[in-house]
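Heads up: the structure comes next, in structure tokens.
Every read-out reported here was derived from the displayed coordinates using simple, explicitly stated rules and does not represent laboratory data. From a predicted model like this one, the values you see are computed outputs, not experimental measurements. Reconstructed Cβ throughout: ideal geometry from the backbone, glycine too, with neighbour counts over all protein chains shown.
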Amino acid sequence: MGSEMLKPVETAVGGNGNHAVGIESVADILSRELDHVIRDWLVRVEQEPDLTCIKLNFEERTGHLPHLLHDVIARLRLDVGTKAPISKWAAEHGDLRRKQGYTAAMTVEESRLLQVTIFSTLHKNVKNLEFGALLPDVVTIADEVDAQLKEQILRFMAADEAAKKRN
């Protein structure tokens, strides 16, 4: 029996520790780890006094995240060169955060923390990553999260402009 026949099949434990997985795309990892991303993001948000000064329950604070993350995952799964649709959820989230008393700067901070959380999740799952697509996917994630942030800020600006016209 040659030594090449004795090589173990490599598997890695998923972020929740419950199952073994093989090599996955970034989109697959984010889809599988969706609940962990949301919880990890909330932990980061709760450490920011500039964000927690607005008192929100779990649903009010995180209810938008599954939609925004699904938009990121969908964007990762688009064929190269395909133009991504503008996230309607991001625009709605901008309206919601403004009504909840957020400033534009607070929205930027939440978005920054989302990127940090996504990239930290990928780092935790590094043994599972399809490395050939990793850097292009990181660029896509950053571009999508920034595009979502742009939609949110546009809503803030439109609401501010409307308020000025009323006064």
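Entry note, the chain: relative contact order of 33 percent, from Cα contacts under 8 Å with a spacing of 6+ residues. Database remark: amide H of residue 24 closer than 5 angstrom to the amide H of 129, 130 (H placed geometrically; neighbours at sequence offset of 5 or more, or on other chains; Pro and chain starts carry no H). Running a GNM on the chain with Cα contacts under 10 Å, which residue among 152, 115, 47 ends up with the highest mean-square fluctuation? For the chain, modelled as a Gaussian network with Cα springs under 10 Å, the answer is 47. Dividing the radius of gyration of the alpha carbons in region 24-166 by their Kirkwood radius gives 0.99 for Rg/Rh.
Length available on full extension from residue 166 to residue 43: 0.36 nm per residue minus the Cα-Cα distance, which gives 40.4 nm. Summing Lys and Arg as +1 and Asp and Glu as -1 over all other residues whose Cβ lies under 12 Å from the Cβ of residue 24 gives a net charge of -2. Taking a Cβ cut-off of under 13 Å around residue 78, the surrounding Lys, Arg, Asp and Glu residues balance to a net charge of -2, with basic ones at +1 and acidic ones at -1. When shorter helices are ignored and each DSSP H run of at least 4 residues is given -39500 (n - 2.57), the per-residue value for the chain at 222 nm works out to -20500 deg cm²/dmol. Taking each residue as 0.36 nm, the span from residue 78 to residue 150 lengthens on full extension beyond its C-alpha to C-alpha distance by 23.9 nm. Restricting attention to the chain, lysine pairs at least eight places apart or on different chains and with alpha-carbon atoms under 24 angstrom apart total 10.
Of all complete DSSP H helices in the chain, those with a Cα span along the helix axis of 15 Å or greater and a mean Kyte-Doolittle hydropathy of 0.5 or more are 65-76. The stretch between residue 131 and residue 59 holds 22.5 nm of extra length on full extension. This uses 0.36 nm per residue minus the Cα-Cα distance.
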